[in-house]
Amino acid sequence: MDRIRIKGGNKIEGIIPISGAKNAALPLMASSLLTEEPLTLSNVPNLEDIRTLADLLEQHGVFVERHLDKAEITFTACEITNTRAPYDLVRKMRASVLVLGPILSRFGKAKVSLPGGCAIGTRPIDLHLKALELLGADIVLEGGYVLASAPCGLKGADITFPFVSVGATENIMMAATLADGETRLINAAREPEIIDLAACLTAMGASIDGIGSDTLVIQGRKLLGGARHTVMPDRIETGTYAMAAAATGGDVLLKGAQPEHLVAVTDKLTESGAVITEIPGENGGVRIACQRGGLVGVDVMTEPFPGFPTDLQAQFMALLSLSDGASMITEQIFENRFMHVPELMRMGANINLHGGSAMVRGVKALTGAPVMATDLRASVSLVIAGLAAEGETLVSRVYHLDRGYECLEKKLASCGAEIERIED
Ligand code: UD1
């Protein structure tokens with residue numbers, strides 16, 4: 001298995017182009033199942049998770065044309081040969097359950113494997129299933145699969161989510177676009193990726209009101225058509241490189257980043273001592289600069305958007321490990337999202353866990369070490385720690401990084417990092 005070797009200590013300085021957002025691209029790809037006409041997505045990142053979902057769509061019968069040189073993929077679901085999403089593909093990536101809503105609403109039946117647990121928690125899909133039942137679907141769990149049927153089609157309904165779920169909002173919003181009548185989603189997620197999906201569905205002919213708010217009102221249509229859509233820039237990739245720059249006392253322009261997607265993050269980075277500037281224009285984005293040793297501890301709590309994202313918690317912890325003073329990090333979205341803590345401690349971080357909170361007492365320096373992590377964001381937090389540490393860090397299980405970061409080593413190396421992939 002490949003590893004990443006980092007010789008720490010260099011400042012991250014330069015320009016990093018931000019890729020299309022993985023978490024926006026995945027539901028957008030699933031939405032292609034709602035129409036027999038082609039859906040062309042541009043600015044699609046070249047990532048393992050994208051390939052996994054494209055494989056799943058292909059096995060459903062979707063025609064997938066990849067134009068990798070243009071970061072563009074066209075999906076045509078004119079003929080669906082199979083409404084079953086098998087365990088082998090769904091277990092690789094939870095987001096595969098996003099095919100459930102679209103297949104069920106267009107074809108009246110779907111059989112989708114339950115995703116099972118994952119490294120960051122149990123992550124059930126009960127909200128998705130309850131909402132589909134409210135839309136009139138019959139749901140049976142059998143042999144590890146969800147068997148969903150709605151032979152006469154889904155019917156619009158009022159659905160109040162008991163708590164915010166990004167995936168459930170996306171799945172049900174897609175299903176409701178082809179339901180009969182009006183659906184209201186109350187306490188819906190407001191993440192920018194949901195807004196991106198709603199914009200694409202609207203371009204396909206869907207009628208969605210309240211986009212960007214916590215109440216979405218969808219008028220079902222008989223048919224949707226094809227569209228072209230550009231995937232939004234990746235706010236989590238942006239935040240990750242911002243934190244790499246701050247942790248190393250660097251200065252980067254994150255080209256193409258959208259500052260309005262990152263307010264909670266840039267507020268915390270500013271509070272911690274970084275200087276953030278919005279650069280307008282086509283070649284603009286977000287610039288972040290920080291003095292080496294200039295960070296101070298801050299408290300942070302993960303929350304649904306517009307709060308601080310759970311997907312940047314691990315990276316922020318790596319940075320706060322090197323700040324002056326103490327910080328309290330509270331994880332409120334997932335119950336088991338601190339797997340990076342023991343690895344950061346092996347690099348010299350001073351962290352104490354108390355249930356869902358981590359007390360981080362800043363240290364003067366981290367030292368390089370062989371490390372590994374069990375999920376995508378935990379892995380990249382170790383890369384940030386390695387960039388800021390003294391000496392060499394070897395990060396194993398690089399396949400986690402390949403799921404979510406396009407050209408990670410290349411982007412960091414172009415900004416002065418000593419980083420390379422060792423192929424085993
Ligand atoms: C998405 C993101 C993920 C991010 C997360 C929270 C994608 C592909 N993934 O994941 O990177 O960390 O949002 O911002 O976009 N839950 C239930 N029952 C459900 C659904 C969710 O209990 O039916 C729980 C989850 O276990 C979790 C919380 O609700 O504790 C939020 O999960 P959710 O927002 O659904 O996350 P995902 O859509 O899976």
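Answer with yes or no whether D311 is within 23 Å of the chain's Cα centre (by Cα), within 24 Å of G212 (Cα to Cα) and open to solvent by less than 40 Å² (accessible area, probe 1.4 Å).
yes
Going by what's in this entry, would L53 be described as closer than 21 Å to A198 by Cβ, in contact (Cβ under 8 Å) with a residue 40 or more places away in the chain and not charged (D, E, K, R)? Lay out the reasoning, then the answer.
Values: closer than 21 Å to A198 by Cβ: yes; in contact (Cβ under 8 Å) with a residue 40 or more places away in the chain: yes; not charged (D, E, K, R): yes.
The answer is yes for L53.
Given the condition among the polar types (S, T, N, Q), in a helix (DSSP H, G or I) and farther than 24 Å from L47 by Cβ, answer yes or no: does some residue in segment 255-266 qualify? Even if it seems obvious, please write down each step before you answer.
Taking segment 255-266 and keeping what is among the polar types (S, T, N, Q), we get 258, 266.
Narrowing the set further to residues that are in a helix (DSSP H, G or I) leaves 266.
If we keep only those that are farther than 24 Å from L47 by Cβ too, we end up with 266.
Scanning segment 255-266, I find at least one residue that is among the polar types (S, T, N, Q), in a helix (DSSP H, G or I) and farther than 24 Å from L47 by Cβ, so the answer is yes.
May I ask you to say which residue of L57, L89 is in a helix (DSSP H, G or I), within 26 Å of H400 (Cβ to Cβ) and either open to solvent by 10 Å² or more (accessible area, probe 1.4 Å) or of a type in the set (D, E) (or both)? Break it down stepwise before answering.
Numbers: L57 fails: either open to solvent by 10 Å² or more (accessible area, probe 1.4 Å) or of a type in the set (D, E) (or both).
Answer to the check: L89.
For segment 137-167, give me the residue count where each residue is at pLDDT 95 or above, surrounded by fewer than 16 Cβ atoms within 10 Å (Cβ to Cβ) and part of a loop (DSSP other than H, G, I, E, B).
2
Considering only residues of segment 343-368 that are in a helix (DSSP H, G or I) and either touching a Cys at 6+ places or on another chain (Cβ under 7 Å) or of a type in the set (A, V, I, L, M, F, W, C) (or both), which is nearest to L387 (Cα to Cα)? Step through it out loud before you land on a result.
Of the residues in segment 343-368, the ones in a helix (DSSP H, G or I) are 343-346.
Restricting the remaining residues to those that are either touching a Cys at 6+ places or on another chain (Cβ under 7 Å) or of a type in the set (A, V, I, L, M, F, W, C) (or both) gives 344-345.
Values: L344: 13, M345: 15 Å.
The residue in question is L344.
Under 7 Å between Cβ atoms, at least 6 apart or on separate chains: pull out the pairs that start in segment 358-386 with a residue that is more than 15 Å from E418 (Cα to Cα) and end on any residue that is in a loop (DSSP other than H, G, I, E, B) and among the basic types (K, R).
M372/R397; A373/R397; S379/R397
Identify the residue in segment 169-224 that is open to solvent by 40 Å² or more (accessible area, probe 1.4 Å) and of a type in the set (D, E, K, R) and, among all such residues, is farthest from the ligand (Cβ to nearest atom).
K222
Which of the residues spanning segment 337-355 are open to solvent by 20 Å² or more (accessible area, probe 1.4 Å) and farther than 21 Å from T310 by Cβ? I'd like the intermediate steps shown before the answer.
Of all residues in segment 337-355, those open to solvent by 20 Å² or more (accessible area, probe 1.4 Å) come to 338-339, 342-343, 345-346, 348, 350, 352-355.
Scanning segment 337-355 gives R346, G348, N350.
Taking interchain pairs and intrachain pairs at least six residues apart, which have beta carbon atoms under 7 angstrom, with the first residue in segment 89-103 and without any contact (Cβ under 8 Å) to a residue 60 or more places away in the chain and the second within 14 Å of the ligand (Cβ to nearest atom) and open to solvent by 30 Å² or more (accessible area, probe 1.4 Å)?
From segment 89-103, the pairs are R91/G116.
Pairs, please: C-beta under 6 Å, at least 6 apart or cross-chain, first residue within 20 Å of A21 (Cβ to Cβ) and in segment 390-413, second open to solvent by 70 Å² or more (accessible area, probe 1.4 Å) and part of a helix (DSSP H, G or I)?
Sorted first by the residue in segment 390-413, then by its partner, the pairs are D402/E48; R403/E48.
The values are calculated or read from the model by the stated rules, or taken from the named source; none is laboratory data. Because the structure is a prediction, the values reported are computed rather than measured. Heads up, the Cβs are rebuilt from the backbone with ideal geometry, glycines too, and the neighbour counts pull from every protein chain shown. We work out accessible area using only protein heavy atoms, side chains counted, and drop any ligands, DNA or RNA first. Shrake-Rupley method; radii C 1.70, N 1.55, O 1.52, S 1.80 Å.
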